[in-house]
Structure formats: C-alpha cells, structure tokens
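Read-outs: derived from the displayed coordinates by stated rules, not from any lab. Worth saying up front: this structure is predicted, and the values here are computed from it rather than measured. For neighbour counting, all protein chains shown are included, and Cβ atoms are generated from backbone atoms with ideal geometry for every residue, glycine included.
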Amino acid sequence: MRIAVAGGTGTVGRHVVRAAEERGHEVVVLSRASGADVITGKGLERALAGVDTVIDVTNTTTLSAKVAREFFETATRNLLKAEDAAGVGHHVALSIVGIDGIDASYYAGKLAQERAVAAGRVPYTIARAAQFHEFAGQLLGGMKGPIALMPKTLMRPVAAREVGEHLVAVAEAGPVGRARDLVGPRDERLADLARRQLAHDGIRRAVLEVRLPGLYGKGAASGVLRGTSDAIQGTTTFDEWLRSPERAAV
Ligand SMILES: NC(=O)c1ccc[n+]([C@@H]2O[C@H](COP(=O)([O-])OP(=O)(O)OC[C@H]3O[C@@H](n4cnc5c(N)ncnc54)[C@H](OP(=O)(O)O)[C@@H]3O)[C@@H](O)[C@H]2O)c1
C-alpha cells in the first residue's frame, strides 16, 4: 500500500513510518518540513496522489480547549477534503483511550477530531491509544525550575513504538469505524513515571503531584484513561522502555 503519515516526523509518527516501511509499504510523510501543512492545506492534495491510506498523527501542544478544537477540526477538514479529491480509501486517526466525557482542555480537541472524522466522506478508523511512555518526559521537558508539577493522572502507558505498529496493522485491516483500544501492560501514576525517569537519568529534581481542577483534572485522576479490560495490551513496560535503545534514540 501507499500510506501517507501526517505528522510522520513526530514522537509516534516516526514509529509509524518505520513500522510501515518494515511491512513493505511505500510511505509519504506529511509535515510542514516536507511542504505539507494540515492547517493551511498547502501541499496536501499533491502529496496524496496515489495514496491508499492516510494515518493522521499530527499534534499541537496546548491545554486550551479552544486552541485544541481549532487545530484538530481544521487539520481533519483539510486532510479529508484533500483525501476525497485524491481518492484515498481509508483515513486512520489516532485518538486517546478513555476521553469520553472529558470534553475539556486538550481532550476537547481530540473529541472534536473524532466527530469530524466520523462525519466525513472518507471511510475511516479511529484508533485510540493510552498515553505514551514518552509522555512524562514530554511534560518534564516543557517545565522549567527545580520542582516539576505533574497532574494527578492514573494511566496505562504504552510504548509509542507499539502504537506505531498498531496503527499500521489498523491501516492494513481497512476501515472499521472504531478499532480496539491499545493500552500498556501496567497501571501507573504519571508522577511516579516522572520520578523514575529523573532518577534513571541522574537528574535531581523534585516532582509534586497536583490534582488539576475541572473536568480535565477529574478525568485524569479518576482512572478512566486506563481503559477497559477488552483493550489490546502492549507488552513493553515503562521501566523496560526507560532502559531501551529505542528511548535513547528518541
Ligand atoms: N503523547 C501521548 O501520550 C499520546 C497518547 C495517545 C494519542 N496521542 C496522539 O498522538 C498524536 C501524535 O502525538 P505526538 O506526541 O507524536 O506528536 P508530536 O511529537 O508533537 O508530533 C507532531 C507532528 O505533527 C506535525 N505537525 C504539527 N503541525 C502540523 C501542520 N500544521 N501541518 C503538518 N504537520 C504538522 C509535526 O511536524 P512539523 O512540526 O514538521 O509540521 C510532527 O510531525 C496526537 O494526535 C496525540 O493526540 C498522543
């Protein structure tokens, strides 16, 4: 298959690209660096010529519901329009496990993305995954100062590599509407992951767990992000990932 990976240079996108190439697919990467912009629409239609399936793993980093909705709705609208024009037969969107009912902050954007995909004309699959093992490091990297504040979050983190492999399998299976969720092998707390990562890296920095207010904070602290027992389970634990060469390569 010819597969376009929108966001193919990102944390999970790089794993999607590698997994698709390993499975013998022809891969086209869509990112601003490659001249394709999902927000302005520039370069999309040309890049999608001859493409069978688009896997959308684009992202914006924000806690604003408004900014997140605008990004994911616009990106999806532009991608689906270009896919329709190019005759793409399958749109795969990566979303997040357990976000139903958390229509706030970043998750409001992901729910808006899911609605836009389902309302579109291109046959689709929405594949939800739990937080990546990389998530704690992404938050730590975005915070300055001697104390890192981590929102109280109960989760079942999964390696982005396994998410990438899962998305390629979802693309190969064809459009099904909603794929089975993918979660990691163990229940974890975000603050504990941050502490273990800092200790592993030899960085002396305190981590303080804080319960965020509002729907987002309530949802994150409730355990719903861990998903349900019918989810597919990844096998790489956070501590295995921490020591792995795949983490060093990120
Ligand atoms: N992080 C998690 O724990 C987690 C868990 C489950 C699901 N997800 C979902 O996984 C997806 C990817 O997350 P990530 O952390 O891998 O993202 P990321 O590392 O921030 O990468 C974002 C990608 O999007 C591209 N991009 C951003 N704006 C673009 C634009 N206007 N046009 C074209 N490409 C654009 C970036 O490339 P350029 O900058 O070169 O354009 C980059 O390739 C998100 O949808 C997220 O909701 C994340």
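The table for this structure:
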item: Label point 7 Å beyond Cα of ALA119 along Cβ direction - residues of region 78-111 with amide nitrogen under 15 Å; result: 78-81, 109-111
item: Computed over the chain: relative contact order in percent, which uses C-alpha pairs under 8 Å that are six or more apart; result: 20
item: Simple spin-label estimate for ASP187 and ILE147 in nanometres, 7 Å along Cα-Cβ; result: 2.8
item: Check: region 135-234 dipole with +1 on Lys, Arg Cβ and -1 on Asp, Glu Cβ, in debye; result: 500
item: Rounded to 10°, Cα long-axis angle of helix 65-86 versus longest principal axis of the chain; result: 30
item: Calculated diffusion of the chain, Stokes-Einstein form, Kirkwood radius summed over Cα pairs, 20 °C and 1.002 mPa s, µm²/s; result: 116
item: Cβ-Cβ FRET estimate between ASP230 and ARG204, R0 fixed at 35 Å, reported to 0.05; result: 0.25
item: Computed magnitude of the charge dipole of the chain (debye, nearest 20; Cβ of K, R +1, Cβ of D, E -1); result: 760
item: GLN138 versus THR60: modelled label distance in nm, points set 7 Å from Cα along the beta carbon direction; result: 1.5
item: Approximate spin-label separation ARG32-ARG180, in nm, with each point projected 7 Å along Cα-to-Cβ; result: 3.8
item: Computed helical MRE - 222 nm, the chain, DSSP H runs ≥ 4 contributing -39500 (n - 2.57), nearest 500; result: -12000 deg cm²/dmol
item: Cα long-axis angle, helix 105-119 against the chain (0 to 90 degrees, to the nearest 10); result: 20
item: Neighbour net charge for THR153 - beta-carbon separation under 12 angstrom, K R +1, D E -1; result: +2
item: Dipole of region 55-197, positive direction: furthest Cα of ASN78, VAL97, PRO175, with charges on the beta-carbon; result: VAL97
item: Chain lengthening between GLU73 and ALA49 when straightened (0.36 nm per residue, less Cα-Cα); result: 6.4 nm
